[in-house]
Structure formats: C-alpha cells, structure tokens
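See below for the structure under consideration.
Where a number appears in this text, it was derived from the coordinates with a stated rule and is not lab data. These figures come from a predicted structure and were not determined experimentally. For neighbour counting, all protein chains shown are included, and Cβ atoms are generated from backbone atoms with ideal geometry for every residue, glycine included.
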Amino acid sequence: MNTFAKEEQSLREEMVRIAASFFQRGYATGSAGNLSLLLPDGNLLATPTGSCLGNLQAEQLSKVTLQGEWLSGDKPSKEVKFHLALYRHNPACKAVVHLHSAWSTALSCLEGLDTDNAIRPFTPYVVMRMGDVPVIPYYRPGDERIATELAARAAEHSAFLLANHGPVVCGSSLQEAANNLEELEETAKLIFILGDRPIRYLTAEEIAVLRR
C-alpha cells in the first residue's frame with residue numbers, strides 16, 4: 001500500500017470514528033447530517049446519502065472529485081454540493097461538518113437573528129475558533145442555492161447556520177471541524193439556558209484582542 005493509500009485509509013477510519021462519536025453522544029440522529037474531508041490526492045471523502053453516522057463503513061464512504069464526479073463508494077449525499085462550494089472558495093477549509101444537532105438547529109429557527117453574525121459574543125471561544133457565524137436563508141435541503149449562498153461567504157467565514165436547518169462548520173482537519181461544531185453547539189445551548197436574563201456581552205475591545 002503506497003503512502004497516499006495509507007493516508008486515505010487512516011482518514012476513512014477517522015471519519016467513521018468521529019461520526020460514530022457524534023451519533024453516540026446525541027449530536028446526530030437517524031440518517032441526518034453529513035461529513036466530508038479533502039484527501040491527499042485532491043478528491044473528497046464524504047458520508048453517503050441516507051447513511052447513519054452511527055454505523056458508517058470505511059470502505060463504503062463516498063469518494064468524489066472537487067467537480068462533484070462520483071468516483072467510488074456508495075452514492076454521496078445530495079448535500080455534498082454545498083461542501084464542495086466551501087472547499088472551492090476557501091483554501092483553508094480541509095473538512096466540513098453539517099449536523100442537525102439540537103441546540104444549534106433550535107438557534108437557526110429563531111426569528112430576528114443577525115444574519116451577519118447569529119451569536120453576539122459572550123464567551124471567547126466561538127470568537128477564537130470560528131469568528132462571526134452568518135445565517136444562510138432557508139432553502140429546502142439539497143437546493144443548489146445553499147451552495148451559492150455559502151460560496152459567497154466562504155472566504156471570510158468558517159461557521160454558518162442554515163436557517164431552520166442547522167450548523168455547517170469548517171476546519172483545517174476533520175477533528176478540528178468536529179471540535180468547532182461542538183463549540184458552536186455548546187454556545188447555542190448556553191444561549192437557551194441564559195434565556196432572557198441580562199447577559200454581560202464581550203466588549204468590542206475584548207473581541208478585537210481575541211481576533212488578534
């Protein structure tokens with residue numbers, strides 16, 4: 001087995017492991033959500049359509065080109081289109097996690113969110129890990145306009161909320177994307193726990209220091 005093949009096998013096993021962890025801890029249910037990552041050969045590895053993140057098989061993962069051509073494995077999710085848009089428009093993006101995790105999805109359903117940044121900073125962690133989190137308008141799952149909207153924002157952002165749908169988060173690796181997703185989910189949970197209580201938000205100066 002050559003070096004590329006060994007790296008690919010290792011990444012396949014990592015995707016299976018991280019996906020199972022999401023499922024076991026309740027971040028993913030049924031066949032909802034999808035993951036992807038860039039392979040050393042320049043192609044994309046993604047979770048197949050209709051698959052449950054709790055019981056993926058490494059050899060059945062979908063392999064597609066950056067142009068969207070299905071190369072091997074089971075048929076890819078229709079949502080791989082918006083993953084591809086992120087890779088094409090943000091060279092720093094090496095992995096994408098999209099889940100229907102409860103707290104972030106609940107946040108995406110609220111009216112009146114700031115579409116430029118759904119989370120006004122009140123802890124340092126989303127600022128440090130992801131920065132602003134814009135809201136993508138609602139489109140039905142699989143609609144190509146999701147990819148168009150994400151492509152327009154991909155160069156400047158690494159985390160998004162799809163309105164009435166859930167979070168999409170990028171990372172320099174699948175593990176980093178997973179960590180970022182979990183930070184976003186926990187922050188959304190805090191928003192609901194705090195409710196209408198007075199919140200001490202971070203000041204502009206404090207946010208600037210974190211971004212530096």
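Assorted remarks:
- Computing FRET efficiency as 1/(1 + (r/R0)^6) for LEU71 and ALA152, where r is the C-beta to C-beta distance and R0 is 25 Å, gives about 0.35.
- Cα gyration tensor, segment 91-212 - rounded (a/c under 1.5), prolate or oblate: oblate
- Between 0 and 90°, nearest 10: helix 144-153 axis offset from the chain longest Cα axis: 60
- Long-range HN-HN contacts of TYR27 with modeled amide H, under 5 Å: none
- Those Cys residues of the chain for which no other cysteine Cβ falls under 4.7 Å: CYS52, CYS109
- Taking GluC sites (Glu not before Pro) in DSSP loop states with no more than 12 other Cβ atoms inside 10 Å as exposed sites, the chain has its longest site-free stretch at 1-68.
- Built amide H within the under 5 Å cut-off of ASP74, gap 5+: LEU61, SER62
- Taking amide H positions as modeled 1.01 Å from N, with prolines and chain starts lacking one, the residues under 5 Å from LEU162 and 5 or more places away or on another chain are ILE136, VAL168.
- Where the alpha-carbon atoms of segment 3-211 are placed on the principal axes, they occupy 52, 31, 30 Å, in descending order.
- The antiparallel fraction among DSSP beta bridges confined to the chain stands at about 90%.
- The lysine pair tally for the chain, using Cα distances under 23 Å and a gap of 8 or more places or different chains, is 10.
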